Amino acid sequence: MATRFKEKSDGSVSLPVLDHPAKSKRKIGPWRAGVLIMVYVLMAAHFVQWMIVGTTISPIEPSESMQTLEQGLLNAGAIFFLGAILATVFFGRYVCGWLCHIVALEDFCLWLMGKFGIRPKPFRARLVMLAPLTLGFYMFIWPSLKRFAIQPGFEAAGLEWPWWLRRTGPFPGLQSDLFVQDYWSSFPEWYIAIPFLLVCGFATVYFLGAKAFCTYACPYGGIFAFVEPAAPVRVRVDHAKCHECGICTAACTSNVRVHEEIKDYGMVVDPGCMKTMDCISACPNDALSIGLGRPSFGAPVLANAKEAHAKSKKKAMRRYDLTWPGEIAAGLVFFVIFIASRGMFDRIPMLMAGGIAAVGTGLSVLLWKMLFTQNARIHRLLLKHKGKLKPAGVAFGLFMIAFWVAALWGGAGNVTRWRAEALHAGVGVPVDAILRPEFAPSKQAEARARDSLAWFARADSIKNGGVGWSLNADDRVRLAYLHAILGDYAGASEELKAVVDEGNPTDGLIFQYLSIHSAAAQIASDAADPADREEIVNRANQEQLDIMRTALDKHPDLNNVRLRLAQSLWNIQAYNPSISYDPAIWDIDDPDITNNPRFILNSGQLLALARDQAGMNETLDRVIAVESDSPGILFEASQLARSIGRSADADRLTQRGIELAHDAPTYIAAARIFAGAGQPADAKRMVSKAIGSRGASRPGVRFEIGRMLHSLGDRDRGYELMYQAAADLDHDPWQYLAVLTALAKIASEGGDTEVLDATVEKMEALVNANPDEPIFHHDLAGFLFNTPRQSEAIAQIITAAELGDRNPLLAERAGQLLGATERPAEAQIWLDIAAERRKNRLSTPELSETQP
């Protein structure tokens, strides 16, 4: 063998390359390239098939597994990822090397660079290599760990759950989500996808070496690398044929020290090995092969290699680019850049943030070397030579300054937004409670709402006085919620108007907008002169119609808003001839909307209001023709059929809905259909199915099952399930209150005094545990007043009115209850307070006192 050395112009010396007379005849690379190209062909075919048919198998992307773990939606991505993990346990990381589209992109970039004479040097860092496993843990382990271990642990220990950490509900059970209509919904837009490919393909390879994204940023690779040591299928060596030439290591694009590992262990043990088999293809003596044997986990060093292994281990420590202090610094740099870039502009996804963080870390290390060593370069590009900066080094330094300015700005925006969202989550009051006229926030909820508003203001774009970027539609919804908490319904309405104009609102959001607008109008009416109130009410009604019209103009697929608008116009015209029903509301050109079963059914509901029998029959025929696969639509259609005397069609639609049912709420809906049709036996059968179905463990669903059993005559079992649901919600005061209130109403209406007393007792315990919530005292007072404990009810309602010191309705209720117990003087005091509060209610507290 002959060793060639070549001295370069800058004084450096190239690594030795050993000549060997033999050449391997095995060419595995082209086969693997063909397989990876076929992966892209199949991806394109998958997309084209969806474009043509309109429905397809859900995306075969491991990240889809997060929906399975959090929501129980079993999709193709989860099945693929599970299969890939199991395959890795036995075969090693073949999926990475042969089936990953990102690896294909990395290999293409490496091949392309090779055509220009660029051979990227691998960046070697130990701590940053833990990033993929950390990201994989966060994506795939953390949700289940929190649900099944951490939350139960907090509850068992009697500890309060941190208000800033989002809870997870009970696992709902698995539900098939293998076929989807909106294939593209979970993918980023093209203007994010292209930079993603550039960062994770070209930039990581150019600056950090082959397979760098896999090594430093891929969470799936982190999971695969964790289980890979168990694989018995490995690259193994025939020592009799091995000449220790090192060509295998030079050929490996996974950055594995193949020649050292086969010498020390007789096989490749590095979990980064992706089974590309480049080393096998390159070996001139056919010494390497894929073989079945002992896994690498716990594999000992070969007896004849122990001394050499000890020496190579010391040498290996010198192969890393950083000392341990440098490793720690690089780990911190990666963390900072990742936190700064993830979600930046509400666009950058986690995987892209990982790629940016990996590249940014490598470049920051290079910047450090350029500043504090004599020589620095990027491939052939000299940045610094013999202590003197080159023009390329100056340009690189300026680029890194801009990079870090952007990173720090992104970090400031993300941190302020995270703080704002955490405070928002910590308010903890459900929207339904806020929309109740007697709602008043506790002092703690009010303070958090003010703080959250202030932090959102800081998170806004620089032109709006913040440090980040413009707030998005979801942020506007949060702002509307916070304004509503503080009683600023006008401010909440303005935020929701922005959502209608700029976002993608749902029917439910528009209905919340209407409720908040009504509350704002009521405040304005209360504060106005009596002579002006009718005008205010009429103007508010017209504005409500305008809100719905605007929403439909911008978002014509809001079918339930369309029905609400039509119903409102139909009802208003009866007493206000100037406002008439306009049938053009239903004149839509988009067949995707007009052929939607929900659109058709809603038009039928309006025809029912008009008692148009012929139109209702036509509507039903259209719904049947569409052949909807939604149980909810089918159940509604069956009710429409029964209302017009088409019992046979009603039975067929109900049965079809039951056949498609997959979860407990659907079976409960079927039970209600049967109960309404006077078929209690079938209703009980549906309830029995609900108890054993997906989602039955959710407290709210379990409560509905209990309510249904109670209505069907099984009162004891019904109460048992409703109490279980309440017990499961005792960690959430607001949900617990809602369930107890519903349970108390059921017991009161059914004359179950014992159950009512037990429920009221639980409400008292809840109020005692949350003494600062005005509405808790209000609701308890309502139940106590209808018992011999009226004096306690008076005390509770007065406490509520005192705590909710800006809500006029609480003061009015106190006056009413006092008047009903023949205490007129005290009653008048509270009624006067209510009147004063109504006058003052238009003004809202300033936020400046809680600026962060």
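The values are calculated or read from the model by the stated rules, or taken from the named source; none is laboratory data. Worth saying up front: this structure is predicted, and the values here are computed from it rather than measured. Cβ sites come from the backbone with ideal geometry, for glycine too, and all protein chains shown count toward neighbours.
Among (1) more than 20 Å from the chain's Cα centre (by Cα); (2) surrounded by 22 or more Cβ atoms within 10 Å (Cβ to Cβ); (3) farther than 26 Å from GLN567 by Cβ; (4) touching a residue at least 40 places away in the same chain (Cβ under 8 Å), which single condition is ILE516 missing?
Exception for ILE516: condition (3).
How about region 224-253: which of its residues are within 29 Å of LEU363 (Cα to Cα) and crowded, with 24+ Cβ neighbours inside 10 Å?
Matches in region 224-253: PHE224, ALA225, CYS248, CYS252.
Check LEU601 against each of (1) over 24 Å from GLY54 (Cβ atoms); (2) at pLDDT 85 or above; (3) crowded, with 17+ Cβ neighbours inside 10 Å and name the one condition it does not meet.
Result: LEU601 fails condition (1) only.
When only residues in region 643-668 that are closer than 22 Å to ILE691 by Cβ and of a type in the set (Val, Ile, Thr) count, which is surrounded by the fewest Cβ atoms within 10 Å (Cβ to Cβ)?
Residues of region 643-668 that are closer than 22 Å to ILE691 by Cβ, as a first pass: 654-655, 657-668.
From what is left, the residues that are of a type in the set (Val, Ile, Thr) are 654, 658, 666, 668.
Details: THR654: 25, ILE658: 21, THR666: 24, ILE668: 25.
That would be ILE658.
Go through (1) within 23 Å of the chain's Cα centre (by Cα); (2) at pLDDT 95 or above; (3) not aliphatic (A, V, I, L, M) for THR88 and report which single condition fails.
Status for THR88: all satisfied but (1).
Which number in (1) without any contact (Cβ under 8 Å) to a residue 60 or more places away in the chain; (2) buried (at least 21 other Cβ atoms within 10 Å of the Cβ) marks the one condition that GLY503 misses?
Answer for GLY503: the failing condition is (2).
When you go through (1) crowded, with 20+ Cβ neighbours inside 10 Å; (2) under 22 Å from TYR216 (Cα atoms); (3) modelled with pLDDT under 95 one by one for THR361, which number turns out not to apply?
(3)
Would you mind telling me which numbered condition in (1) surrounded by 13 or more Cβ atoms within 10 Å (Cβ to Cβ); (2) of a type outside the set (D, E, K, R); (3) under 30 Å from VAL103 (Cα atoms) TRP190 fails?
Of (1) surrounded by 13 or more Cβ atoms within 10 Å (Cβ to Cβ); (2) of a type outside the set (D, E, K, R); (3) under 30 Å from VAL103 (Cα atoms), only one is false for TRP190: (1).
Within the set of pairs 6 or more residues apart or between chains, which connect a residue that is hydroxyl-bearing (Ser, Thr, Tyr) inside region 386-402 to a residue that is in a helix (DSSP H, G or I) and buried (at least 16 other Cβ atoms within 10 Å of the Cβ) with Cβ atoms less than 6 Å apart?
Nothing qualifies.
For region 655-666, state whether one or more residues are hydroxyl-bearing (Ser, Thr, Tyr), part of a helix (DSSP H, G or I), in contact with a Gly (Cβ under 9 Å, 6 or more places away or on another chain) and more than 23 Å from ARG562 (Cβ to Cβ).
As a first pass, look at region 655-666 and keep what is hydroxyl-bearing (Ser, Thr, Tyr): 666.
Narrowing further to those that are part of a helix (DSSP H, G or I): 666.
With the extra rule that they be in contact with a Gly (Cβ under 9 Å, 6 or more places away or on another chain), the set shrinks to 666.
From what is left, the residues that are more than 23 Å from ARG562 (Cβ to Cβ) are 666.
For region 655-666, residues hydroxyl-bearing (Ser, Thr, Tyr), part of a helix (DSSP H, G or I), in contact with a Gly (Cβ under 9 Å, 6 or more places away or on another chain) and more than 23 Å from ARG562 (Cβ to Cβ): present.
Looking at region 366-384 only, could you name the residues that are under 22 Å from PHE116 (Cα atoms) and assigned to a strand (DSSP E or B)?
Within region 366-384, ALA376, ARG377, ILE378, LEU381, LEU382, LEU383 qualify.
Only one of (1) in contact with a helix residue (DSSP H, G or I) (Cβ under 7 Å, 6 or more places away or on another chain); (2) free of Cβ contacts under 8 Å to residues at least 60 places away in the same chain fails for ILE462. Which number is that?
Evaluating ILE462 over (1) in contact with a helix residue (DSSP H, G or I) (Cβ under 7 Å, 6 or more places away or on another chain); (2) free of Cβ contacts under 8 Å to residues at least 60 places away in the same chain leaves (1) as the failure.
Could you please give the count of residues in region 159-193 that are assigned to a loop (DSSP other than H, G, I, E, B), more than 16 Å from the chain's Cα centre (by Cα), among the aliphatic types (A, V, I, L, M) and closer than 28 Å to ARG419 by Cα?
Residues in region 159-193 being assigned to a loop (DSSP other than H, G, I, E, B), more than 16 Å from the chain's Cα centre (by Cα), among the aliphatic types (A, V, I, L, M) and closer than 28 Å to ARG419 by Cα: 1 in total.
Hand me the list of helices (runs of 4 or more DSSP H) wholly inside region 385-495 holding 3 or more residues that are surrounded by 19 or more Cβ atoms within 10 Å (Cβ to Cβ). Can you show your working first?
Details: elements: 391-427, 431-434, 443-459, 473-485.
The helices (runs of 4 or more DSSP H) meeting that bar are 391-427, 443-459, 473-485.
Within region 231-283, considering only helices (runs of 4 or more DSSP H) that don't extend past its boundaries, which have at least 3 residues that are more than 17 Å from CYS96 (Cα to Cα) and out of contact with any Lys or Arg (no Cβ under 8 Å at 6 or more places or on another chain)? Break it down stepwise before answering.
Details: elements: 247-251, 258-265, 278-282.
The qualifying helices (runs of 4 or more DSSP H) are 247-251, 258-265.
So if I check each of ILE378, ILE401, which one is over 30 Å from ASP460 (Cα atoms) and aliphatic (A, V, I, L, M)?
ILE378 is the lone residue from the list that is over 30 Å from ASP460 (Cα atoms) and aliphatic (A, V, I, L, M).
How many residues are free of Cβ contacts under 8 Å to residues at least 40 places away in the same chain, buried (at least 19 other Cβ atoms within 10 Å of the Cβ) and not hydrophobic (A, V, I, L, M, F, W, C) when one looks only at region 690-703?
1
Just to confirm my filter: which helices (runs of 4 or more DSSP H) fall fully inside region 737-847 and include at least 3 residues that are buried (at least 19 other Cβ atoms within 10 Å of the Cβ), at negative phi and under 37 Å from the mean Cα position of the chain (by Cα)? Break it down stepwise before answering.
Details: elements: 753-769, 774-784, 790-803, 808-820, 824-840.
Result: 753-769, 774-784.
Given the conditions (1) of a type in the set (A, V, I, L, M, F, W, C); (2) in contact with a Phe, Trp or Tyr (Cβ under 9 Å, 6 or more places away or on another chain); (3) over 24 Å from LYS146 (Cα atoms), which single one is not true for PHE81?
If we test PHE81 against (1) of a type in the set (A, V, I, L, M, F, W, C); (2) in contact with a Phe, Trp or Tyr (Cβ under 9 Å, 6 or more places away or on another chain); (3) over 24 Å from LYS146 (Cα atoms), just (3) comes out false.
For region 616-642, give me each residue that is assigned to a loop (DSSP other than H, G, I, E, B) and surrounded by fewer than 19 Cβ atoms within 10 Å (Cβ to Cβ). Reasoning before the result, please.
Step one: filter region 616-642 for residues assigned to a loop (DSSP other than H, G, I, E, B), giving 627-630.
Selection gives GLU627, ASP629, SER630.
Does region 23-57 hold any residues that are of a type in the set (Gly, Ala, Ser), at pLDDT 90 or above and either surrounded by 14 or more Cβ atoms within 10 Å (Cβ to Cβ) or outside the structural domain of SER176 (by TED's automatic domain parsing) (or both), and which are they?
Of region 23-57, the ones of a type in the set (Gly, Ala, Ser) are 24, 29, 33-34, 44-45, 54.
Restricting the remaining residues to those that are at pLDDT 90 or above gives 33-34, 44-45.
If the condition is that a residue be of a type in the set (Gly, Ala, Ser), at pLDDT 90 or above and either surrounded by 14 or more Cβ atoms within 10 Å (Cβ to Cβ) or outside the structural domain of SER176 (by TED's automatic domain parsing) (or both), then ALA33 is the only one that fits.
Might you check whether a residue that is modelled with pLDDT of 90 or more, touching a helix residue (DSSP H, G or I) at 6+ places or on another chain (Cβ under 8 Å) and crowded, with 16+ Cβ neighbours inside 10 Å occurs anywhere in region 575-590? It would help to see each step written out before you state the result.
As a first pass, look at region 575-590 and keep what is modelled with pLDDT of 90 or more: none.
Taking every residue of region 575-590 in turn, none turns out to be modelled with pLDDT of 90 or more, touching a helix residue (DSSP H, G or I) at 6+ places or on another chain (Cβ under 8 Å) and crowded, with 16+ Cβ neighbours inside 10 Å.
Which helices (runs of 4 or more DSSP H) does region 23-95 wholly contain that include 3 or more residues that are under 17 Å from GLN181 (Cβ atoms)? Walk me through how you get there before you give the answer.
On the way: elements: 29-53, 65-71, 76-91.
In region 23-95, the matching helices (runs of 4 or more DSSP H) lie at 29-53.
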